[in-house]
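Please read the structure below before turning to the comments.
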Amino acid sequence: MKAVDLMTPRVITIGPDATIADAARKMLENNISGMPVVDAAGKVVGIISEGDLLRRVELGTERHRSWWLGMVSGGTLPAEDFIKSHARKVADVMTSHVTTVDENATPEDVVRLMETRRIKRVPVVRQGALVGIVSRANLLRALASVAPDTPPAAPDDRALKERVAAAVKELSWDSRSHDAIVVRNGVVQLWGFASSGSQRDAVRVAAESVPGVKAVENNIQVVDAAESGAWGL
């Protein structure tokens, strides 16, 4: 799966020379919170969102200098704040440092960008030109389409036990043996000790992720650091 498979291809865009009022109307009419800004060649030159339009002189919400900063600076607003609140064109208020992904980017690439840049949507480009956009909602739709609604037919208990043990072994901090895993009629029972609640839950999740597992009974006990040393954890 690639970004081109995840993206919404028909993207609402606006030009850099459009007015702030045009941008506000377009977002309202299309029920969106932001959109790419593209030039005549279709190249992404910015992103404009609701947040860029909140501090506006028309609303009386422009930023004001505190009285003591005003005494030091002569009472003038920083140039950037003045432009944000008074400019009439999209080019002046948009975020110009845009993060984009190539259409062949993987879902991992997209999610990493969203997390590191703290953004909710990423424009998708082909040779620099906009071809779509991937949002968090697109990722959720992809997850819903690939996640199985019903588990596959269960293998026999012995084979299932081996698969569960292999899955748990992938957890680098867990050395649980086959003896700590019991499988009866597709139901997995986990036994033993963990040094934290999150580790206990991680073992359960690893077991639940194995195809054929009907249910997991988590009997693992959480012990503190001192006790974990005594149990060899």
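Table for the structure above
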{"quantity": "Residue under evaluation GLU108, criteria (1) free of Cβ contacts under 8 Å to residues at least 60 places away in the same chain; (2) closer than 30 Å to VAL57 by Cα, criterion not met", "calculated": "(2)"}
{"quantity": "Helices (runs of 4 or more DSSP H) completely within the range 94-192 that count 1 or more residues being at pLDDT 90 or above, crowded, with 17+ Cβ neighbours inside 10 Å and in contact with a His (Cβ under 9 Å, 6 or more places away or on another chain)", "calculated": "157-169"}
{"quantity": "When residues of the range 1-34 are limited to those that are surrounded by 15 or more Cβ atoms within 10 Å (Cβ to Cβ) and among the β-branched types (Val, Ile, Thr), the one farthest from the chain's Cα centre (by Cα)", "calculated": "ILE20"}
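The values are calculated or read from the model by the stated rules, or taken from the named source; none is laboratory data. Keep in mind it's a predicted model, so treat the numbers as computed, not measured. Here the Cβ is made from the backbone with ideal geometry for all residues, glycine too, and neighbour counts use every protein chain on show.
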